[in-house]
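To start, the structure itself, in structure tokens.
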2 protein chains.
Amino acid sequence: MSKEYWLPTGDLGIVIERADGRVALVNTTDREKLAVIDGLGDLSHASAVFSRDERYAYIFGRDGGLTKIDLITRAIDRRVVQSGNSIGGAISQDGSLVAVSNYTPGGVQVFNSDTLERVLDLPAIGKDGKASKTVGLVDAPGNRFVFSLFDSGEIWLVDFSKGEPVVTKFEDIGKQPYDALITPDGRYYIAGLFGEDGLALLDLWHPEQGVKHILPNYGRGEQRMPVYKMPHLEGWAVAGNKAFIPAVGRHEVLVVDMNTWQELDRIPVHSQPVFVMASPDSRQIWVNFAFPENKHLQVIDAGSHKHLTHLQPGEGVLHMEFTPRGEAVWVSVRNKNEVHVYNTQNFEKLASLPVASPSGIFFTARAHRIGL
Amino acid sequence: MSKEYWLPTGDLGIVIERADGRVALVNTTDREKLAVIDGLGDLSHASAVFSRDERYAYIFGRDGGLTKIDLITRAIDRRVVQSGNSIGGAISQDGSLVAVSNYTPGGVQVFNSDTLERVLDLPAIGKDGKASKTVGLVDAPGNRFVFSLFDSGEIWLVDFSKGEPVVTKFEDIGKQPYDALITPDGRYYIAGLFGEDGLALLDLWHPEQGVKHILPNYGRGEQRMPVYKMPHLEGWAVAGNKAFIPAVGRHEVLVVDMNTWQELDRIPVHSQPVFVMASPDSRQIWVNFAFPENKHLQVIDAGSHKHLTHLQPGEGVLHMEFTPRGEAVWVSVRNKNEVHVYNTQNFEKLASLPVASPSGIFFTARAHRIGL
Ligand code: DHE
Ligand code: DHE
């Protein structure tokens with residue numbers, strides 16, 4: 001390994017090159033692409049988490065591949081293909097375990113983060129006795145993982161804090177949870193429902209209280225209007241006591257009071273929102289949109305709910321990621337094969353990097369956060 | 001440089017060896033001391049910030065020394081002695097500037113974070129025409145620094161977002177601000193007042209509204225009771241919408257509603273609190289105490305306000321730092337020359353490291369946060 005690579009890891013990140021099974025390694029200080037790492041399989045929908053030392057990225061590929069890449073040597077460290085079709089994963093609070101949720105054959109697999117040896121194969125057999133797809137897998141404080149069973153409508157909590165996993169199940173949480181999020185403090189786990197309106201809420205400080213339904217009108221409503229894409233819940237923006245959430249099918253961002261879970265406001269936006277993300281200082285809300293309106297990007301003030309700017313980076317704005325302290329935001333513009341970097345103060349474009357079919361952007365600072 | 005040192009920087013940290021002008025380099029994954037770096041001058045009261053790549057630590061010494069150490073080569077990279085008596089500093093949002101506040105001769109100095117060349121010497125000449133000590137210097141979103149003038153009772157905002165610094169002054173904010181904090185989102189700057197009761201609050205989202213007084217009873221009160229140490233404000237624990245703050249002189253932690261700035265509760269504690277700190281999941285509040293009760297450590301539940309545990313690590317519990325995702329907390333036990341690591345789930349001691357007269361503990365994850 002040459003000294004050229006001798007870099008600290010705090011300002012690194014990766015961008016998924018979705019069409020080619022590669023990831024681009026980037027640096028957020030110099031805003032440059034450092035390397036491209038190849039051979040990760042089908043990354044047509046991929047996400048990533050980081051080891052607690054910010055040296056390794058674990059990438060969850062569409063084909064069930066879990067690839068551990070070394071950001072210092074810029075190479076694949078280990079790779080396993082753990083299922084036929086996976087959708088995402090998480091790393092435990094202490095960094096020792098990586099868990100992956102699967103569509104096919106369903107269930108959750110847990111791996112040792114050093115070796116990628118499997119430590120748990122947890123089939124998600126629901127109350128109905130059938131194997132279920134799992135979604136919305138997140139890590140929670142206390143070395144726990146939480147996820148939802150799409151087919152049987154359950155939320156499971158897997159606690160690794162005493163070594164051996166202990167599973168707690170919450171049944172009848174609602175029809176077809178399709179994605180979920182955990183609030184940045186790791187307290188509330190919220191699942192979006194595909195099969196009915198409303199959201200399922202589990203307060204992890206009080207699991208004994210069970211799962212509640214909130215926002216009964218959140219969803220597609222009676223008319224089952226056309227929805228181009230169910231919005232991603234990862235992107236829920238929590239700013240102070242307000243959550244900004246993408247409306248389903250409507251051209252709106254909903255503002256919800258997180259103390260009462262009541263709707264405070266609806267902000268009209270350009271089209272159907274996909275990701276609604278808060279800047280690290282909770283002051284700006286960035287929104288991207290579903291196809292065919294995905295060349296747009298809107299920015300809303302979290303205090304006044306007014307629009308701050310409307311950018312048009314280009315077709316295929318798929319994902320955004322803020323630098324850890326929020327001075328800039330990186331945006332994937334797939335059809336242009338570019339990642340743009342914008343100054344969050346004045347919305348000027350600071351840089352444009354060549355990245356082939358960029359989608360998810362993940363910076364190493366995620367290593368230090370709960371629930372990503 | 002040997003390959004032994006070839007480490008990522010995400011799980012590193014430093015501990016100030018206050019008696020010897022040294023810092024210990026530690027690793028939070030293996031819970032070990034990796035090296036000791038010497039020659040930093042008077043560290044009898046020192047604090048630190050990190051570069052955005054988590055490679056360098058900037059240490060603010062009591063003698064006005066600003067030392068930049070390289071965590072990869074484990075050596076001093078650069079050092080300047082910038083004043084006769086300094087008390088703390090901050091790094092700008094974009095990582096390009098390091099600012100230091102001074103007791104003697106007062107004022108603030110700003111340095112290029114790469115070279116430590118001085119880019120601004122800002123004497124803090126108050127409205128009274130005299131040079132003032134500066135305290136409570138923090139970074140704020142938008143490449144700004146905020147600090148208070150002890151002698152003249154002012155808060156100054158220095159905005160570097162357009163290159164040349166622009167200074168905005170708030171006068172008559174209260175008597176003798178002695179320390180300050182900024183909320184984790186970078187919105188509220190709050191200064192504690194030595195010369196009168198109450199606190200000064202500046203909402204950085206609305207600087208045009210000026211500085212308000214909050215918590216009029218916060219302070220030493222009419223009887224001017226003996227106060228062993230004015231509590232540190234850094235340690236204000238913000239958990240959801242509640243702030244947990246050390247009472248002045250009293251054996252209490254105050255709980256304040258951050259929407260209304262009204263007192264919600266007072267939690268009795270062992271003695272006079274110094275630092276009151278929230279775990280990263282906002283669920284636990286850790287409290288240490290002023291001499292002669294500084295062998296104690298109490299932990300409070302942020303939800304119920306009940307006591308969870310009372311530890312006695314040993315004489316001289318000076319500082320605590322949580323690992324970034326909160327599974328453990330590191331505690332300096334000065335008189336034992338030890339740093340203890342506790343599991344935050346069950347309060348078991350996980351490790352004890354030999355560190356000479358340890359005081360402040362600073363982990364590299366601070367690089368990614370606002371206002372530290
Ligand atoms: C359940 C789910 C997760 C959470 C994973 C986890 O638990 O970590 C997720 C995460 C993601 C994440 C990770 C977000 C994060 O911050 O962790 C990204 C970037 C992302 C970009 C896209 N997703 Fe995603 N996404 C779906 C589902 C999900 N996406 C779909 O069902 C849908 C609509 C169709 C599909 O292809 O599966 C879909 C299409 C997209 C896209 O079209 C996006 C915008 C671009 C792309 O590359 O496919 N999804
Ligand atoms: C104003 C101020 C700051 C904020 C600096 C900044 O702006 O970044 C600060 C920070 C600090 C920080 C940094 C906290 C952080 O999280 O950034 C620490 C660890 C700390 C440990 C102590 N402080 Fe501190 N401290 C004072 C003032 C301050 N201390 C005092 O006036 C006092 C009472 C007397 C003195 O010696 O100056 C004092 C005694 C102490 C201690 O006795 C402590 C516990 C142990 C020690 O080593 O001196 N102070």
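The values are calculated or read from the model by the stated rules, or taken from the named source; none is laboratory data. Just so we're clear, the structure is a prediction, and the values are computed from it rather than from any experiment. Note that each Cβ is placed from the backbone with ideal geometry, even for glycine, and that neighbours are counted across all protein chains shown. Side chains included, ligands, DNA and RNA excluded: accessible areas come from the protein's heavy atoms. Shrake-Rupley method; radii C 1.70, N 1.55, O 1.52, S 1.80 Å.
General observations
- Sorted from shortest to longest, the distances between the A:Gly163 label points of this copy and the other copies are 6.3 nm, with each point 7 Å from Cα along the line through the beta carbon.
- Kirkwood-based Rg to Rh ratio, the protein assembly as shown, C-alpha trace: 0.95
- Taken along its principal axes, the alpha carbon cloud of the stretch A:130-224 reaches lengths of 48, 31, 20 Å, longest axis first.
- For B:19-30, mean number of other protein chain Cβ atoms within 10 Å: 1
- Per-residue SASA entry for A:His213, accessible area with 1.4 Å probe, Å² rounded to 10: 90
- From most to least packed by mean Cβ count within 10 Å, the peptides B:317-328, A:140-151, B:126-137 give A:140-151, B:317-328, B:126-137.
- Averaged over peptide A:139-148, the number of partner chain Cβ atoms lying within 10 Å of each residue's Cβ comes to 2.
- Length-normalised contact order of chain A in % [C-alpha pairs under 8 Å, at least 6 apart]: 11
- Across identical copies of the chain, A:Glu263 has label-point separations of 4.1 nm, listed in ascending order, with the point defined 7 angstrom from Cα along Cα→Cβ.
- Solvent exposure, largest accessible area first (probe 1.4 Å, DNA, RNA and ligands not counted), of A:Arg74, A:Arg250: A:Arg250, A:Arg74
- Lysines whose Cα lies under 25 Å from that of A:Lys295, excluding same-chain neighbours fewer than 8 positions away: A:Lys33, A:Lys229, A:Lys306, A:Lys336, A:Lys349
- Cut-off 12 Å between beta-carbons: net charge of the residues surrounding B:Gly65, Lys and Arg +1, Asp and Glu -1: +2
- Lys pairs under 20 Å by Cα in the stretch B:59-212, provided they are eight or more residues apart or on distinct chains: 9
- The packing ranking of peptides A:98-109, B:251-262, highest mean first, is A:98-109, B:251-262, where packing means the average number of other beta carbon atoms within 10 angstrom of each residue.
- The mean count of C-beta atoms from other chains within 10 Å of the C-beta of residues in B:9-16, rounded to a whole number, is 5.
- Dipole-positive endmost among B:Ile14, B:Ile69, B:Leu25 within the stretch B:1-99 (Cβ charges, Cα centre): B:Ile69
- Between identical copies, the spacing of B:Ala35 label points, each set 7 Å from Cα toward the C-beta atom, reads 2.2 nm from nearest to farthest.
- Near B:Phe362: Cβ cut-off under 12 Å, other residues only, Lys/Arg at +1 and Asp/Glu at -1. The net charge is -1.
- Environment charge at A:Gly326 (Cβ cut-off 9 Å; Lys +1, Arg +1, Asp -1, Glu -1): 0
- Normalising the average separation of contacting C-alpha pairs (under 8 angstrom, six or more residues apart) by the number of residues puts the relative contact order of the stretch B:36-88 at 32 percent.
- Amide H contacts under 5 Å for B:Lys133, placed H, 5+ residues apart: B:Phe150, B:Asp151
- Per-peptide average of other Cβ atoms within 10 Å, ordering A:7-19, B:287-299 highest first: A:7-19, B:287-299
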